[in-house]
Structure formats: C-alpha cells, structure tokens
Amino acid sequence: MRFRFFSIAVSCAVLLASVMSASAQESSSSVVVTNPTYTFIPMEIDVDRPAAEVWARVGGYCDISEWFGIPCTITSGEGDEFGSVRSVADEILVGRTELSYTYTQAPREGQPYNLYHGTLEARPVTATTSKLVYTLVFDNSILDDDAAREADRERRVGAFTRALQNMKTLAEGGTLPAR
C-alpha cells in the first residue's frame with residue numbers, strides 16, 4: 001500500500017513537472033506581454049499650405065519612402081485601402097480618413113507584441129495653413145528599464161521629427177537633399 005501511494009505521488013509529480021515545463025515553453029514563445037505599459041509620442045509641425053494640398057503631396061501610404069528615406073512597396077492590397085500592407089515592417093493600414101491614415105505592425109513569432117500603431121494626419125488650421133500631426137502608440141514595457149525607454153523615445157522623436165521636417169519641405173514645394 002505504501003509503495004502504491006509512493007508510486008502515485010511520483011507519477012503526479014512527474015506529470016506536474018511535465019505540464020509546468022510545457023507551459024513555460026509556451027509562455028516563452030508567446031507574443032503576449034503580461035503587464036503592458038502603453039505610451040504615446042505626439043509630434044507636429046506647422047505647414048504653410050492647405051491641408052488638402054499637404055495630404056496630396058505627402059499622404060500616400062508609400063510616400064514614406066520619400067520623406068523617411070526608406071524603401072516602400074505595397075506587398076498586399078490596393079495601396080491606400082484598408083488592409084493594405086507596405087514593406088516597411090509589414091505595416092498594415094487599419095484606419096483612414098480624407099486627411100489621415102493609421103497603421104499597425106502585426107505580431108511576430110517569438111517576439112513580444114508591443115501593439116505599435118502610428119497615425120499621420122494633415123490637420124487644417126486656416127484656409128491656407130495646416131499642421132502635420134504624427135502620433136505613435138506602443139507598449140514600452142518590453143524595454144529593460146527607464147533609461148532604455150527614454151533612449152527609445154528620444155530615438156523615435158528624432159527620426160520622426162526629421163520625417164515631419166521633410167514632409168513640410170516637400171509640401172511647401174521644396175526638395176530634399178540627395179541621399
């Protein structure tokens with residue numbers, strides 16, 4: 001009787017260890033972040049042109065190739081339609097108005113999902129002026145600490161501020177220097 005009880009206890013322990021090991025393996029490859037902390041980075045720049053003109057010049061979904069200086073092609077969909085995917089981080093167009101669009105990045109196998117979204121908008125200010133507004137939203141909890149989060153924020157603000165300046169230059173009729 002004692003041997004049978006011991007045998008059952010060992011079997012249960014082995015089964016529990018097996019389940020815990022499988023669970024740990026699943027969670028290590030999970031894209032789910034347990035305690036996300038969402039942050040946003042709003043940026044804007046004034047433009048000396050009407051919003052509709054600004055949007056016509058810099059608001060195409062792959063216009064990012066010109067004002068951000070990175071290659072862009074539409075890999076799926078019709079370009080400026082919902083669900084279109086551009087080659088820039090496989091970003092998916094998930095929202096659109098007459099003078100804006102919002103995109104997201106899909107989860108990737110084995111990487112924590114940070115729910116990264118960006119919105120670009122040409123916002124009318126007067127009949128002849130506007131502002132470009134670029135807002136990023138994402139989970140920064142996957143970064144190691146506050147110093148890493150601040151460095152990430154500064155890097156993003158720097159890159160997207162340059163992009164906004166480039167958009168302003170293009171929308172106001174200027175040209176960008178050759179790369």
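Would you confirm, using the coordinates I've provided, whether Gly79 is on the phi > 0 side of the Ramachandran plot, assigned to a loop (DSSP other than H, G, I, E, B) and at pLDDT 95 or above?
No; evaluated as a whole, the condition is false for this residue.
Which residue, of Val88, Val94, Val32, is closer than 22 Å to Arg149 by Cα and either surrounded by fewer than 12 Cβ atoms within 10 Å (Cβ to Cβ) or at pLDDT 95 or above (or both)?
Val32
Quick one: is Leu136 aliphatic (A, V, I, L, M), at pLDDT 95 or above and part of a strand (DSSP E or B)?
yes
Can you tell me which residues in the range 94-133 are closer than 26 Å to Ser30 by Cα, assigned to a strand (DSSP E or B) and of a type in the set (A, V, I, L, M)? So that I can check it myself, show each step before the final result.
Of the residues in the range 94-133, the ones closer than 26 Å to Ser30 by Cα are 94, 102-118.
The next check asks that each one be assigned to a strand (DSSP E or B); those that pass are 94, 102-105, 117-118.
Once the filter is applied, which keeps residues that are closer than 26 Å to Ser30 by Cα, assigned to a strand (DSSP E or B) and of a type in the set (A, V, I, L, M), the range 94-133 yields only Val94.
Exactly one condition in (1) of a type in the set (D, E, K, R); (2) touching a Leu at 6+ places or on another chain (Cβ under 9 Å); (3) exposed (fewer than 13 other Cβ atoms within 10 Å of the Cβ) is not met by Glu150; state its number.
The failed condition is (2).
The values are calculated or read from the model by the stated rules, or taken from the named source; none is laboratory data. Predicted model, so just to flag it, every value in this text is computed and none were measured. When we count neighbours, we look across all protein chains shown, and the Cβ atoms used for this are built from the backbone with ideal geometry, even at glycine.
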